Amino acid sequence: MKLLRLLLPAALLLSSCAKKPVQPQDFSSLTEEFVHSTLALSPVTATAAGYHVHRGVPLDEKLDDWSPAGVEARRAHWRSWLERLGRIDASKLGPAERADLGLMKNLCEAGLFELDTEQNWKNNPTFYVELIGNGLFTPYSLNYAPAEERWRHIIARLDAVPAFLETAKANLASSNAVWTQTAVEENEGAIGLIEKEFAPKVPPALAGRFREAASRATAAMRAFNGALGSLKDSGPDGWRLGPEKYARKFQLVFGGLATPEQLLQEAEQALADLRREMFKTASPLHGKYFPHHRDPVDLNLIVGEVLGKVAEKRPAREKYFDEAQKSLDEVREFVRNHSDKIVPLPPNDNLKIIETPPFMRGIYAVGGFNPAPPLQPELGAFYWLTPIPPDWPRERVESKLREYNHYGLRLLTIHEAIPGHWLQFEYAAQVQPAPRRVLRSLFGDGAYVEGWAVYATDLMVREGYLDRSPELELVHYKQLLRAIANTILDIRLHTKGMSEQEAMELMMKRTFQEKEEAEAKLRRARLSSCQLPTYFAGFQAWKRLRAAAEAKAQGNFQPGEFHRRALLEGALPMPVLAEVLGLEPGAASGGAPQAKP
């Protein structure tokens, strides 16, 4: 792929920006330089983004450099760009350029926070395992070049694995039982990918080179798993970020949308309110399903019994993927027929359902979404669905299928695919110019992205998907409860010492989650921080934004057009999106009016 040419030398741009307004074309070239130089720091991310060569260097053949020199190069990159961007007078930019400037500054600050404060590269072995897995899986799954060329890229990255893991061992100062065990499991998944999935499919002309590279790589990966046992144990609470670090990371992730304390208070009130709504919805269904069952007014009992009855309608284990494909076809057709209330479907049809890659199943225990590369949006986008392992006992299998029953699986498909993540990223692929598209797609706002998926699911239920089924509504409320619980879990686990017992009680007793789902979510909360609250915070922000747009429209509000315009801006922080859409910046923040859930 040819590099895009920079329109102006950076020195000329920066020397002039304080004296006169920065023209959009000039700012676009600066954004392009920022995006390309940032991607060059992470060849694994660059391949996934569709950026393949940087200054003559083929990125698809490399793994990320986390050697001491590589770490220092990252630190210098973020500091240099912060200084350069800080010299731009934001008041002389248009709204779109100001939004991009804010994203770039925030990314620099987040990069320095990770390097110098959170330091996953020093303490979390999954950091390295997942880089290897993604580095190998992306050229295998994305047709960005002829197959033989992509196999050469895989072989080159396999050749790089032993040295990469030696660097990892030198960097890792400690870990904890949760991170270490997850790293071992995900690493075994990546080894299986190499030996079982890749090996039979290598072109004959490259088979010998592949075997040699794979043998060295898998030996190093197994040795790495063995070495993890000797890491210093940071203790049973080593995964907790702590109040001070959490508050700083939260501010970087949410950009002033709320503080942790504000969002926690809002979530705990929303939990109580939504439980009451569930009781109202469940009570008539309880009479229908249990006509001779007379119980005292017990919210947990009534809602729990109805959810149990609803969960009996579920796919057989061997039909799980077939049912997901069926649900995808259903939701696509519903959105097509209700585009004026939801949003028009994008022109591309590049979405495929595949199994979640084995090296990502620690954090994606249920499923996820992997968008098409923003620089090559014509390539595939993947709705990941995590398969049920063949060695699971019947109890675990049934627990998962009860959670992702006929209704739950459809809601998952809406969230991850249509009109959730897939549709949102397909609209983001239309953002112009290209540097802005890449910036907002790769480094955009998490609350916008996850909030849209929750909001879009709520929208589908409100607009009558599945003929306004009360069973669907009840399961939807249950999933909204889960989004709320995600927020409470993340904040309380990382800042307030929430125990495992308290976490499981919140999920299983107060939000009606199956044991399998709750245990997977607890593990995820220990593997990450400040991501789980993006669902609820973003959902609230989207509702507030819509309410502000409705009020401004004065009776002429067109929902489908509002959603289309908001999605065509890409993943901006929600207060910034409000400004770009001509609304007050505070329209998306706490305290602003919002549409009903």
Which fully enclosed helices (runs of 4 or more DSSP H) of the range 465-559 have 3 or more residues being touching a residue at least 60 places away in the same chain (Cβ under 8 Å)?
470-495, 515-527, 534-553
Which numbered condition in (1) touching a residue at least 24 places away in the same chain (Cβ under 8 Å); (2) in contact with a Leu (Cβ under 9 Å, 6 or more places away or on another chain); (3) of a type in the set (D, E, K, R) is the only one that K105 fails?
(1)
Those residues of the range 275-322 which are within 31 Å of the chain's Cα centre (by Cα), in a loop (DSSP other than H, G, I, E, B) and more than 19 Å from E471 (Cα to Cα) amount to A316
In the range 135-149, anything surrounded by fewer than 20 Cβ atoms within 10 Å (Cβ to Cβ) and part of a helix (DSSP H, G or I) is listed as Y140, S141, A147, E148, E149
Out of all the residues in the range 267-276, is one or more out of contact with any helix residue (DSSP H, G or I) (no Cβ under 7 Å at 6 or more places or on another chain), modelled with pLDDT under 95 and among the basic types (K, R)?
no
Please state which one of R314, R361 is out of contact with any His (no Cβ under 9 Å at 6 or more places or on another chain), touching a residue at least 40 places away in the same chain (Cβ under 8 Å) and closer than 25 Å to R394 by Cα.
R361
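Condition check ((1) more than 23 Å from N143 (Cα to Cα); (2) in the same structural domain as E463 (by TED's automatic domain parsing); (3) aliphatic (A, V, I, L, M)) across all residues:
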residue: R332; (1), (2), (3): yes, yes, no
residue: V343; (1), (2), (3): yes, yes, yes
residue: E355; (1), (2), (3): no, yes, no
residue: M360; (1), (2), (3): no, yes, yes
residue: G368; (1), (2), (3): no, yes, no
residue: Q376; (1), (2), (3): no, yes, no
residue: E395; (1), (2), (3): yes, yes, no
residue: G408; (1), (2), (3): yes, yes, no
residue: A417; (1), (2), (3): no, yes, yes
Per the filter on the range 560-586, residues closer than 17 Å to Q424 by Cβ and outside any helix (DSSP H, G or I) are L568, E569, G570, A571, L572, P573, L581
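Yes or no, residue by residue, for (1) loosely packed, with under 14 Cβ neighbours inside 10 Å; (2) of a type in the set (V, I, T); (3) under 25 Å from T495 (Cα atoms):
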residue	(1), (2), (3)
L252	no, no, yes
P260	no, no, yes
L263	no, no, yes
R276	yes, no, no
A282	no, no, no
V306	no, yes, no
V310	no, yes, no
A316	yes, no, no
All but one of (1) without any contact (Cβ under 8 Å) to a residue 12 or more places away in the chain; (2) touching a Cys at 6+ places or on another chain (Cβ under 8 Å) hold for V253, so report the exception by its number.
(1)
How many residues are free of Cβ contacts under 8 Å to residues at least 40 places away in the same chain and farther than 16 Å from W121 by Cα if we restrict to the range 151-187?
1
Would you check if there is a residue in the range 416-432 being hydrophobic (A, V, I, L, M, F, W, C) and closer than 25 Å to A311 by Cα?
yes
Taking the range 220-232 and keeping residues assigned to a helix (DSSP H, G or I) and modelled with pLDDT under 95 leaves none
Here the residues within the range 60-119 that are surrounded by fewer than 16 Cβ atoms within 10 Å (Cβ to Cβ), among the small types (G, A, S) and over 25 Å from L241 (Cβ atoms) are S67, A69, A73, A76, S80, G86, A90, S91, G94
Given (1) at positive phi; (2) assigned to a helix (DSSP H, G or I), index of the condition G235 fails:
(2)
Do we have R564 as closer than 24 Å to I418 by Cα and surrounded by fewer than 17 Cβ atoms within 10 Å (Cβ to Cβ) here?
yes
Of (1) crowded, with 24+ Cβ neighbours inside 10 Å; (2) in contact with an Asp or Glu (Cβ under 7 Å, 6 or more places away or on another chain), T413 satisfies all except one. Which?
(2)
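The values are calculated or read from the model by the stated rules, or taken from the named source; none is laboratory data. Keep in mind it's a predicted model, so treat the numbers as computed, not measured. Methodologically, a virtual Cβ is constructed for each residue, glycine included, from the backbone with ideal geometry; neighbour enumeration extends over all protein chains shown.
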